[in-house]
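A.B. asks: The structure is given below, and queries will be raised subsequently.
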Amino acid sequence: MTERLVRRFIPDWENVGDPAVRERYGILSGGVGIFLNLLLSAGKMLAGLLTGSIAVTADAFNNLSDAGSSVVTLVGFKLAGQKADDGHPFGHGRMEYLAGLLVSLLILMVGVELGKSSFEKILRPEPVAFSALSVAILAASILVKLWMCLFNRKLGRRIGSAAMEATATDSLSDMAATSAVLAGTLVGGLTGLCVDGWIGLVVAVFILRAGWGAARDTIDPLLGSAPDPALVKQIQEVVLSHEQVVGMHDLVIHDYGPGRRMCSFHAEVPQNADIMAAHDAIDHIEREIYQKFGVETTVHMDPIATEDEQVNRLREQVRGLVRQLDPEMTIHDFRVTRGPQHTNLIFDVVVPHRYKLSDEELARRIEELVRGLNPDYYTVLQLDRSYVGR
């Protein structure tokens, strides 16, 4: 069913890196969500009126809010699909994240209101009428929500959309919540126990939990989360596969929304290399990264000494020393200047963000380790924090 809808309404559906195609995926998801949630809300509203159940009525309003969330998702994808302009040269892709965040806030608001209504029902319980029609409506709703969860999850994973993943999570929590309402309706109808308020409270907890998880997933990319380690490794493999490049450092990846990533890094080349050949290799690397990963890339070329055996030996010694402090610590831009009284070892150190020592203390410890090699060695170092996480 999902594939049939995708192929029917999304031309070029396989080209998920194209912002226009992503926009059509968002419109399809939003349109299906609006239609089905309005249908479910109307059915549950009828069931709530027939039974007088606060849990059923609350679940109806939950579906109504889901329809509103689908509208937000649809509008968010539409705005995210706009082309770059003078005021937004990197495009509008982050509107998709904002849409997901707004959906999360709507979910949380519904959960809070439902919790308040359910608590009042616990304090002042009222009998709930049993209706076979309401039971049938709730059972059908569970099946519809299960399909919506699978539908949005499949679309979200296909295009890598946090907003659609949030919608899928919301559908899953709705399914669990409606299951609880159905169980409460059956228990109340068969035993006469007033469990309606308690069931409504369980539903509220499901909704709040789903809202918080969805909010977390959309806030991270807005704040600037670390890039996917798999992508970092793939980019490093591409760069180091070129024989003209002997190392790389200072990799930074910026996310301006799905399909709108940019990166920059320094590529180390031998200082005696043919400058035109090295430049041609750098150009090829930039094109290759874009073709393979859809990431626009800017590379700074760093010339380094590779033929001085003493410098190479010192570089490896110092690299081993800093790894004693942390295995993920790296060095780059290593240079040596010799004088009559002492030798300066000049280099940069990339430090993981989780490393606890202050920059001053870390610099002191590195200097002590280097002086342990030779008392005449002095360090001139720059400490950088890693931009790619673990």
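A.B. asks: For segment 280-292, give me each residue that is farther than 21 Å from Ala230 by Cα and exposed (fewer than 15 other Cβ atoms within 10 Å of the Cβ).
C.D. replies: Asp280, Asp283, His284
A.B. asks: Let me ask something additional. Quick check on my filter: what residues within segment 360-390 are assigned to a strand (DSSP E or B), over 22 Å from Ala267 (Cβ atoms) and touching a His at 6+ places or on another chain (Cβ under 6 Å)?
C.D. replies: As a first pass, look at segment 360-390 and keep what is assigned to a strand (DSSP E or B): 377-385.
So of that shortlist, the ones also over 22 Å from Ala267 (Cβ atoms) come out as 377-380.
Hit for segment 360-390 is Tyr378, nothing else.
A.B. asks: Suppose we filter segment 347-370 for residues that are without any contact (Cβ under 8 Å) to a residue 24 or more places away in the chain and touching a Ser or Thr at 6+ places or on another chain (Cβ under 8 Å); how many remain?
C.D. replies: The total comes to 2.
A.B. asks: Just checking, which of Gln291, Gln324 is under 29 Å from the mean Cα position of the chain (by Cα) and among the polar types (S, T, N, Q)?
C.D. replies: That would be Gln291, the only listed residue that is under 29 Å from the mean Cα position of the chain (by Cα) and among the polar types (S, T, N, Q).
A.B. asks: Among the helices (runs of 4 or more DSSP H) contained in segment 1-106, which hold 1 or more residues that are acidic (Asp, Glu) and either buried (at least 18 other Cβ atoms within 10 Å of the Cβ) or modelled with pLDDT under 80 (or both)?
C.D. replies: Details: elements: 2-9, 19-51, 54-80.
It comes to 19-51, 54-80.
A.B. asks: Now for a different question. Looking only at segment 302-312, decide whether some residue is surrounded by fewer than 17 Cβ atoms within 10 Å (Cβ to Cβ), touching a strand residue (DSSP E or B) at 6+ places or on another chain (Cβ under 9 Å) and among the acidic types (Asp, Glu).
C.D. replies: Yes - at least one qualifying residue is present in segment 302-312.
A.B. asks: With without any contact (Cβ under 8 Å) to a residue 60 or more places away in the chain, on the phi < 0 side of the Ramachandran plot and part of a helix (DSSP H, G or I) as the only criterion, which of Leu190, Leu182 stands out?
C.D. replies: Going through Leu190, Leu182 in turn, just one is without any contact (Cβ under 8 Å) to a residue 60 or more places away in the chain, on the phi < 0 side of the Ramachandran plot and part of a helix (DSSP H, G or I): Leu182.
A.B. asks: Next up: Might you check whether a residue that is crowded, with 16+ Cβ neighbours inside 10 Å and part of a loop (DSSP other than H, G, I, E, B) occurs anywhere in segment 213-224?
C.D. replies: No, there is no match, as no residue in segment 213-224 is crowded, with 16+ Cβ neighbours inside 10 Å and part of a loop (DSSP other than H, G, I, E, B).
A.B. asks: With the condition kept exactly as written, say whether any residue in segment 192-209 is closer than 30 Å to Phe293 by Cβ and surrounded by fewer than 19 Cβ atoms within 10 Å (Cβ to Cβ).
C.D. replies: Within segment 192-209 (the criterion being closer than 30 Å to Phe293 by Cβ and surrounded by fewer than 19 Cβ atoms within 10 Å (Cβ to Cβ)), the answer is no, since none of the residues qualifies.
A.B. asks: Separate question: Does at least one position in segment 351-359 carry a residue that is part of a strand (DSSP E or B) and in contact with a His (Cβ under 7 Å, 6 or more places away or on another chain)?
C.D. replies: No - not one qualifying residue is present in segment 351-359.
A.B. asks: Out of contact with any helix residue (DSSP H, G or I) (no Cβ under 6 Å at 6 or more places or on another chain), surrounded by 12 or more Cβ atoms within 10 Å (Cβ to Cβ) and either more than 21 Å from Glu237 (Cβ to Cβ) or modelled with pLDDT of 90 or more (or both): does that describe Asp326?
C.D. replies: So Asp326 fits the description; yes.
A.B. asks: Answer yes if at least one residue in segment 308-317 is free of Cβ contacts under 8 Å to residues at least 60 places away in the same chain and touching an Asp or Glu at 6+ places or on another chain (Cβ under 7 Å), and no otherwise. Steps first, answer last, please.
C.D. replies: As a first pass, look at segment 308-317 and keep what is free of Cβ contacts under 8 Å to residues at least 60 places away in the same chain: 308-317.
Applying the additional criterion that residues be touching an Asp or Glu at 6+ places or on another chain (Cβ under 7 Å) yields none.
No, that holds for no residue.
A.B. asks: Right, another one. Could you figure out which of (1) hydrophobic (A, V, I, L, M, F, W, C); (2) closer than 24 Å to Asp308 by Cα; (3) surrounded by 20 or more Cβ atoms within 10 Å (Cβ to Cβ) isn't true of Ile235?
C.D. replies: Condition (2) is where Ile235 drops out.
The values are calculated or read from the model by the stated rules, or taken from the named source; none is laboratory data. As the structure is a prediction and not an experimental result, all values here were calculated from the model. Cβ sites come from the backbone with ideal geometry, for glycine too, and all protein chains shown count toward neighbours.
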